[in-house]
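Written below as structure tokens is the structure these notes are about.
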Amino acid sequence: DVNLYSNFTINNNEISNCESGIFIGECYSNPVVRNNRVSNCGTGIVVGDLGYPQIEKNTITENDQGISLMYEGRADIAGNIISFNKKCGLYDKADGVSKIHNNYFNNTVNVIFDDSHDSPNIWNTTKTKGTNIINGSYIAGNYWAKPDGTDFSQIHYDVNGDGIAEEAFTLNGNEIDYAALATPKNVIPVQ
């Protein structure tokens, strides 16, 4: 049993072929979901009401939806590979603010905002020296890819050598990644 009033960690699991790979419902703590591989599920990771989980360093691939933020669900989502999910990489129905940075998105549709979503998320962190999700030198925003090679990070290159696109990426209205990761022209990022 998990005590909903204490912090807990879900890590190093292989989860596949289920409705929801990891479901964090009403929780009064700040759980950590780390180093899991979730594939071929309805939704890889679902964040429901309350709490503020850290979702980090997971591989979330080939699900219907990668991560789903529901109702008051909000999270710190960092360092994940969210790729080849059928409907979308991230589905956001939450009315809370999540911090989403240093992730590798590579889905035909990376983010879907439900009509009830009304609080803009934070899509980057302060530029910090360190190895990012595509092996660049700074941690900042997210890497935005599509399997057909046409998303923001694939067509906006880093010009000044810091691994960050020179333009901000507007996802939808107030949803903006001000420090989207990018590669120098003619360099393919590590996946």
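The values are calculated or read from the model by the stated rules, or taken from the named source; none is laboratory data. As the structure is a computational prediction, the values presented were derived from the model and not from experiment. Counting neighbours? That spans all protein chains shown, and the Cβs are built from the backbone with ideal geometry, glycine included. Side chains are part of the model used for accessible areas, which takes the heavy atoms of the whole protein and leaves out ligands, DNA and RNA. Shrake-Rupley method; radii C 1.70, N 1.55, O 1.52, S 1.80 Å.
Let's see how each residue does on (1) in contact with a Ser or Thr (Cβ under 8 Å, 6 or more places away or on another chain); (2) among the acidic types (Asp, Glu); (3) assigned to a loop (DSSP other than H, G, I, E, B); (4) modelled with pLDDT of 95 or more:
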site	(1), (2), (3), (4)
Leu4	yes, no, yes, no
Val38	yes, no, no, yes
Ile45	yes, no, no, yes
Gly66	yes, no, no, yes
Asn85	yes, no, yes, yes
Asp95	yes, yes, yes, no
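Any residue that is among the polar types (S, T, N, Q), in a loop (DSSP other than H, G, I, E, B) and farther than 18 Å from Lys99 by Cα - is there at least one of those in region 22-31? Break it down into steps so the answer makes sense when it comes.
From region 22-31, those among the polar types (S, T, N, Q) are 29-30; that's our starting set.
Next, only the ones that are in a loop (DSSP other than H, G, I, E, B) stay: 29-30.
From the residues that got through so far, the ones that are farther than 18 Å from Lys99 by Cα too are none.
Checked region 22-31: no residue is among the polar types (S, T, N, Q), in a loop (DSSP other than H, G, I, E, B) and farther than 18 Å from Lys99 by Cα.
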* Unique residue being out of contact with any Cys (no Cβ under 8 Å at 6 or more places or on another chain) and not charged (D, E, K, R) when the list is Ile81, Ile112 -> Ile81
* Structure fact -> If we ask which residues in region 45-58 are more than 17 Å from Lys99 (Cβ to Cβ) and open to solvent by 40 Å² or more (accessible area, probe 1.4 Å), their number turns out to be 1
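Would you pick out the residues in region 59-108 that are aliphatic (A, V, I, L, M) and without any contact (Cβ under 8 Å) to a residue 60 or more places away in the chain?
Initially, region 59-108 is screened for residues aliphatic (A, V, I, L, M), giving 60, 67, 69-70, 75, 77-78, 81-82, 90, 94, 97, 100.
Residues satisfying the conditions are Ile60, Ile67, Leu69, Met70, Ala75, Ile77, Ala78, Ile82, Leu90, Ala94, Val97, Ile100.
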* Selection from region 142-178 of residues that are under 17 Å from Val111 (Cα atoms) and in a loop (DSSP other than H, G, I, E, B) -> Asn142, Lys146, Pro147, Asp148, Gly149, Thr150, Asp151, Ala168, Gly173, Asn174, Tyr178
* **Criterion (touching a Lys or Arg at 6+ places or on another chain (Cβ under 8 Å), on the phi < 0 side of the Ramachandran plot, surrounded by fewer than 18 Cβ atoms within 10 Å (Cβ to Cβ) and part of a strand (DSSP E or B)) met by exactly one of Ile77, Ile112, Ile10, Ile15** => Ile112
